[in-house]
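For reference, the structure discussed in these notes is given below.
The values are calculated or read from the model by the stated rules, or taken from the named source; none is laboratory data. Keep in mind that this is a model prediction, so the values were computed, not measured. We place every Cβ from the backbone using ideal geometry, glycine too, and count neighbours over all the protein chains shown.
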2 protein chains.
Amino acid sequence: MTTEKSGDYLRRSLELLWGRRERPTRGPKPGLTLDRIVAAGIRIADAEGIDGLSMRRVAAELGVGAMSLYRYVPGKAELLELMIDRAYGMTDGSDAPRDADWRTVLRTVALGTWRMYLAHPWLLQVNLARPVLGPAAVAGLDYALSGLADLDITDHERMGFVTAVDGYVAGCARTHVNAAQAARQTGISDEEFWTAHGPMLEKAMLSGAYPHVAALAEDAFAVPGGKLFEFGLERLLDGLEAFLAARDAGRSGGGAKDA
Amino acid sequence: MTTEKSGDYLRRSLELLWGRRERPTRGPKPGLTLDRIVAAGIRIADAEGIDGLSMRRVAAELGVGAMSLYRYVPGKAELLELMIDRAYGMTDGSDAPRDADWRTVLRTVALGTWRMYLAHPWLLQVNLARPVLGPAAVAGLDYALSGLADLDITDHERMGFVTAVDGYVAGCARTHVNAAQAARQTGISDEEFWTAHGPMLEKAMLSGAYPHVAALAEDAFAVPGGKLFEFGLERLLDGLEAFLAARDAGRSGGGAKDA
DNA sequence: CCGAACTGGGTACACCGTACCCGATTACGC
DNA sequence: GCGTAATCGGGTACGGTGTACCCAGTTCGG
């Protein structure tokens, strides 16, 4: 039955994520550990990109046969899930202020996530269908929510705050990370890329079809991605702050409203 | 030479994107057109997901041999670029207000992009290294900039506005779209997924390790993605508006500052 | 001490992108 | 008109992928 099989797959993958797994007593001792496999996968993905990550490659890195990995992991998708949650958990939590105001907390989360994406670009290139609900992911959410605990807003709005920041970070990081990897991935340097595009774009600009793009200063595109990210992040936080201010004003002035 | 080859690839791909291509006079008439190939690719990717898109599959859809496609397209990457720019261009521009205030324009852009991502989820699942600079993409940027033309801000800030909105939309859409495709992609229904996660999450909540997540109302996660998206979008636009207000106040009150 | 349970991993299959090659078709130069 | 160069369709083949299946070797419970 398909249902049973997928259920087993799910249960298995969850056990791996949350670390519940008792060693069977019989049989030879395993020569590998989940940790080593996941670490090897991350090492390869970091160094060679997500396209360089194959089961055979991971096995080679560990000096075992390809099929041995399947004794520890149901399949490649599950390995990726484990790699993702592991990467989530690798952020050093020491710089995370504990009892700060909500804005500091959300900014800390955003910058930490941003840095994580830059360190592990493949996180945004693997498209897992459902979000990975592992211990590290839940811990990250918990920390973000801790900053919003004292605010007088609904839980829906709390989640709205967090997902807005997360969405913004992921979107910005995706384009930034892809661009940063472009030269290696395509074998075409930035210089080649732009000199190839130059004539075409110039013609397009002169055509008058794109007046507002044409009116831009030449260096309008030459802003480092990090600066662009921080600019938008502060604007988003400003917007959330404005929401709180408006809510406070409404609460003290008029009747209370809840959803 | 590698350099020459990649240069040729680039030039070829650009010619395809911008439609500059004169029919060669000799040889048999082509039985296919670029348009038909790109359209077939989009049809397949829409219907079967990005994993279902292969050169052999596209060729079969068109009733030709796999290798025939390479007479029209240098490779799969270039086909994807063409599909992306085509999808950009498929947004119906009729509902785009022409002389509206910047907020209306940016909101229109954001909602249009959001709808496009929902209609073509694969747009966010294919990770092209560099952004596709085709005619439709440039036209979209031009429209967004048209809404910001009258604002008294620098071009860098203009680009900051646009990329902030674009980044937010892409990030939100990515998670939303992945979740929406999850059931088909994994063969696991939402119900199966959550009933499998239930016990594990309950245990985690009771462990006390995630107090703030545990404190959430049960239905905190049950907000439709579209509502979450719109909430954050308005907050972001609020933040941009606050930026303009602060700038105006600074300009009228103190000395002018420019970057 | 036998058999059950487990580990390592080789082989094989279906599928992928695409390099290379060949015959058929067409238009140009003579 | 005719040879020839250019182009089109596409078959074959290669190296890669994830992984199902199977078997040999190892270890412990009964």
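Figures for the structure shown
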{"item": "Selected residue [at pLDDT 85 or above, farther than 17 Å from A:Leu141 by Cβ and β-branched (Val, Ile, Thr)] from B:Val213, B:Val177", "result": "B:Val177"}
{"item": "Of residues in the range B:115-131 being in contact (Cβ under 8 Å) with a residue 40 or more places away in the chain and away from every other protein chain (no Cβ under 11 Å), the one surrounded by the most Cβ atoms within 10 Å (Cβ to Cβ)", "result": "B:His120"}
{"item": "Condition check for A:Arg86: closer than 19 Å to A:Arg21 by Cβ, assigned to a helix (DSSP H, G or I), free of Cβ contacts under 8 Å to residues at least 60 places away in the same chain and among the basic types (Lys, Arg)", "result": "yes"}
{"item": "Some residue of the range B:101-124 being assigned to a loop (DSSP other than H, G, I, E, B), of a type outside the set (S, T, N, Q) and more than 27 Å from A:Leu201 (Cβ to Cβ)", "result": "yes"}
{"item": "B:Leu148 surrounded by 18 or more Cβ atoms within 10 Å (Cβ to Cβ) and farther than 30 Å from A:Trp122 by Cα", "result": "yes"}
{"item": "Residue list for the range B:116-163, filter: out of contact with any Leu (no Cβ under 8 Å at 6 or more places or on another chain) and small (Gly, Ala, Ser)", "result": "B:Ala119, B:Ala129, B:Ala136, B:Ala137, B:Ala139, B:Gly140, B:Ser146, B:Ala149"}
{"item": "Condition check for A:Gly232: of a type in the set (Gly, Ala, Ser) and surrounded by fewer than 15 Cβ atoms within 10 Å (Cβ to Cβ)", "result": "no"}
{"item": "Condition met for B:Gly19 (of a type outside the set (Val, Ile, Thr), more than 8 Å from DNA strand D (Cβ to nearest atom), more than 20 Å from the chain's Cα centre (by Cα) and on the phi > 0 side of the Ramachandran plot)", "result": "yes"}
{"item": "Residue within the range B:61-78 that is in a helix (DSSP H, G or I) and more than 16 Å from DNA strand D (Cβ to nearest atom) present", "result": "no"}
{"item": "Answer residue from the range B:49-67, given it is in contact with a helix residue (DSSP H, G or I) (Cβ under 7 Å, 6 or more places away or on another chain) and more than 22 Å from B:Gln125 (Cβ to Cβ) and is surrounded by the fewest Cβ atoms within 10 Å (Cβ to Cβ) among those", "result": "B:Gly65"}
{"item": "Any hit, the range B:177-192, residues being more than 7 Å from chain A (Cβ to nearest Cβ) and buried (at least 18 other Cβ atoms within 10 Å of the Cβ)", "result": "yes"}
{"item": "Matching residues, the range B:220-240, being over 17 Å from B:Cys172 (Cβ atoms) and either in contact with a Leu (Cβ under 9 Å, 6 or more places away or on another chain) or at pLDDT 95 or above (or both)", "result": "none"}
{"item": "Residue in the range B:16-27 that is at pLDDT 85 or above, within 12 Å of DNA strand C (Cβ to nearest atom) and within 14 Å of chain A (Cβ to nearest Cβ) present", "result": "no"}
{"item": "Single condition B:Leu80 does not satisfy, out of (1) hydrophobic (A, V, I, L, M, F, W, C); (2) within 16 Å of DNA strand C (Cβ to nearest atom); (3) surrounded by fewer than 20 Cβ atoms within 10 Å (Cβ to Cβ)", "result": "(3)"}
{"item": "All positions within the range B:198-236 that are at the interface with chain A (Cβ under 8 Å from one of its Cβ atoms) and not in a helix (DSSP H, G or I)", "result": "B:Ala209, B:Tyr210, B:Ala215, B:Leu216, B:Ala217, B:Val223"}
{"item": "One residue from B:Arg158, B:Arg184 being more than 17 Å from B:Phe221 (Cα to Cα), out of contact with any helix residue (DSSP H, G or I) (no Cβ under 7 Å at 6 or more places or on another chain) and not in a loop (DSSP other than H, G, I, E, B)", "result": "B:Arg184"}
{"item": "Residues located in the range B:41-70, provided they are more than 14 Å from chain A (Cβ to nearest Cβ), more than 9 Å from DNA strand C (Cβ to nearest atom) and either under 24 Å from B:Arg11 (Cα atoms) or in contact (Cβ under 8 Å) with a residue 24 or more places away in the chain (or both)", "result": "B:Gly41, B:Ile42, B:Asp46, B:Leu62, B:Val64, B:Ser68"}
{"item": "Single residue of the range B:25-60 satisfying the filter (among the charged types (D, E, K, R) and outside any loop (DSSP other than H, G, I, E, B)) that is nearest to DNA strand D (Cβ to nearest atom)", "result": "B:Arg56"}
